[in-house]
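Structure record follows, encoded as structure tokens.
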Amino acid sequence: MSEFESLEATPERAALNGQEEMALDSVQNADMGFLHFVEQSDWVGQSLFVVLLVMSVITWYLVIFKGLNHLRLKRHARRFLDDFWSATSLDQVENKLAQNNIKDSFSALAYQALNARAQQVEHANKSLAEQAGNETFIMRIMRKSIAEETAKLENGLTVLASIASTAPFVGLFGTVWGVYHALVNIGLGGDVALSNIAGPVGEALIMTGLGLAVAIPAVIAYNAFIRSNRVYLARLDAFAHDLYTFLTMGTKNGKGA
């Protein structure tokens, strides 16, 4: 190779070396991902990360568990209502409920109301005042059953509401903490170098994103469960009205839910 060719190849080799260095830098920068910023944060930042992670796990557990439970309750309720209104007598309904078929709020309400009615039948020969007291007793039992089912449906919603309201502020605290570390590094380094502020600023952005990622699913799930519970309890209340009318007067005021 002549001297001219070697001189001509030198810029090409330099350009190739520059490309290799840029590729190496990109690989190194790729390592500065999510876990990198978490690892380089102090115990406060890592504690906030753990808190947000626990909140996220609890949120998705409640979303999956309560979502499947709501689907199961609606399926069993629909099946029970079909069996109830197609039954030829209350004895047939009582026999089905006695076979451990209480799997939803509607069947639990009917079971307790039928038991209260059985007690009323036992005292049928009493005075009118006492019979009126028995009807009030049936109403109290049904209201108690509805209150118990309402409490079951609302179980876990307080946790979801708490996570939805506090997760953004936990992330905001992590953001403030990351910006504080960035300012400290600038003060110690004496210049606004990217290497001094990249880690703390990255930590701050991650905490902001985590706080929103935890809060948004919690808010959506909370609103969805509140609406689902409202519709379900409205149907239960309508069925309770029909059932009470049927038990006390012997007639059906529609088929409820």
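Some points to look at:
- Pairwise FRET efficiency - residue 208 versus residue 74, Cβ, R0 = 45 Å, nearest 0.05: 0.75
- Counting other Cβ atoms within 10 Å as a rough exposure proxy, the listed residues 237, 104 run 237, 104 from fewest neighbours to most.
- From largest to smallest, the equivalent ellipsoid semi-axes obtained for the range 58-103 from the alpha-carbon gyration tensor read 30, 10, 4 Å.
- Residue order, fewest to most beta carbons within 10 Å, for 239, 225, 169: 169, 225, 239
- Fewest-first ordering of 149, 203 by other beta carbons within 10 Å of each residue's beta carbon gives 149, 203.
Every number here is computed from the coordinates shown, using simple stated rules; none is lab data. Bear in mind that the values here come from a model prediction, so they are computed numbers and not experimental data. Cβ coordinates were reconstructed from backbone atoms using ideal geometry, including for glycine residues, and neighbour counts include every protein chain displayed.
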